[in-house]
Structure formats: C-alpha cells, structure tokens
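**Student:** Can you read through this structure? Questions will come right after.
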Amino acid sequence: MEKIKVLIVDDEPNFAQMLKLNLEATGGYIVRVENQGSKAIEAARGFMPRIIFLDIVMPDMDGPQILALCREDALLKNVPVVFLTALVPKDELSLDGPFIAGNAFLAKPVTTEQLVTCIKRLVK
C-alpha cells in the first residue's frame, strides 16, 4: 500500500514533531513538518502532500493566509487542508465538523486516531 504524504505546518516544533512521529509509526504516512508559516507554500510545492494540517495562529503568517495562497496555487488548490487550533475546546468538536472557512478543523491537543480518521475521510 502506498504511503500518504502529510504536511504539518505548526510553529510549535515539539507538537509538530510528535504528530509526525506518531503518524509515521502507523506505517501509512510520510510526514514533513514546517514550523514557519511563511515557508509553508514552498514546503507544500516541494513535497506535494495529499493533505495539510495547518495551525491557525502563527507569528509570521497565519493559517487562513496560507490557505488562501494554497487555493490560488494550481498545484495545491485541491489539497485538503485541516486547521489545527487550541482556540476551540474539544467538547465543541465532532469528526463530521465543524468547519472554518469550509475546512475541517481539529482541536489541540489532537490524537493520532483523530488525525488518521480525518485523513481517511478527506484523502480520496
């Protein structure tokens, strides 16, 4: 089975690295991490992920700005983007929603099971 490429863009290196290690440990994913929002588009174009997990609040460029650039990019416009946020409590979420700007989001801290379920739902 072909491994799914996942890009994680989050300015918290330890959190992003933990997600990377946990996803890769399942055996089904190749994960790249980018900790600077301003480098997210370059990283995505070079890696060509099947899905992007994107932090909303970052110091140099925020998630919605990065999403807008993805949607304008011919290579990235159809890549599913899932926001990661600590701004919404976990008890307000379900795996069927909700959405921010038409994109699914997960509340931090996020489990490997939540990530895998989200990937299976969005990556065709």
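Any read-out appearing in this document is the output of simple, stated calculations on the displayed coordinates, not a laboratory observation. It should be emphasised that the depicted structure is a prediction, and the values quoted were computed from it without experimental measurement. Cβ placement follows ideal geometry from the backbone for every residue including glycine, while neighbour counts extend to all protein chains displayed.
**Student:** Taking H placed 1.01 Å from N in the peptide plane, check which residues at least 5 places from Val110 or on another chain put their amide H under 5 Å from its amide H.
**Tutor:** Long-range HN contacts for Val110: none found.
**Student:** If amide H atoms are built 1.01 Å from N in the plane of the peptide, which residues on other chains or at least 5 residues away come under 5 Å of the amide H of Leu84?
**Tutor:** The answer is Leu54, Asp55, Ile56, Leu106.
**Student:** Same structure, new question: For region 1-88, rounded, prolate or oblate, judged on the Cα gyration tensor with a ≥ b ≥ c (square roots of eigenvalues), a/c < 1.5 rounded, else prolate if a/b > b/c?
**Tutor:** The shape class here is oblate.
**Student:** Another one. In a Gaussian network model over the chain where Cα atoms closer than 10 Å are linked, find which of Ala74, Ala107, Ala43 has the largest mean-square fluctuation.
**Tutor:** Ala74
**Student:** To the nearest 0.05, how large is the calculated FRET efficiency for Asn78 and Asn14 if R₀ is 35 Å and r is the Cβ-Cβ distance?
**Tutor:** So the FRET efficiency works out to roughly 0.70.
**Student:** Starting at the first residue of region 105-115, write each ³J(HN,Hα) from the Karplus equation 6.51 cos²θ - 1.76 cosθ + 1.60 with θ = phi - 60°, in whole Hz, x for Gly and Pro.
**Tutor:** Those phi angles translate into 9, 10, 8, 7, x, 10, 8, 4, 4, 5, 4 Hz.
**Student:** Collect residues whose amide H, placed 1.01 Å from N in the peptide plane, falls under 5 Å from the amide H of Ile4; neighbours closer than 5 in sequence don't count.
**Tutor:** Distant-sequence amide H within range of Ile4: Tyr29, Ile30.
**Student:** So, one more: In whole Hz, with x marking every Gly and Pro, tabulate ³J(HN,Hα) for region 13-24 from phi via Karplus 6.51 cos²θ - 1.76 cosθ + 1.60, θ = phi - 60°.
**Tutor:** x, 5, 5, 5, 5, 4, 4, 4, 4, 5, 5, 5
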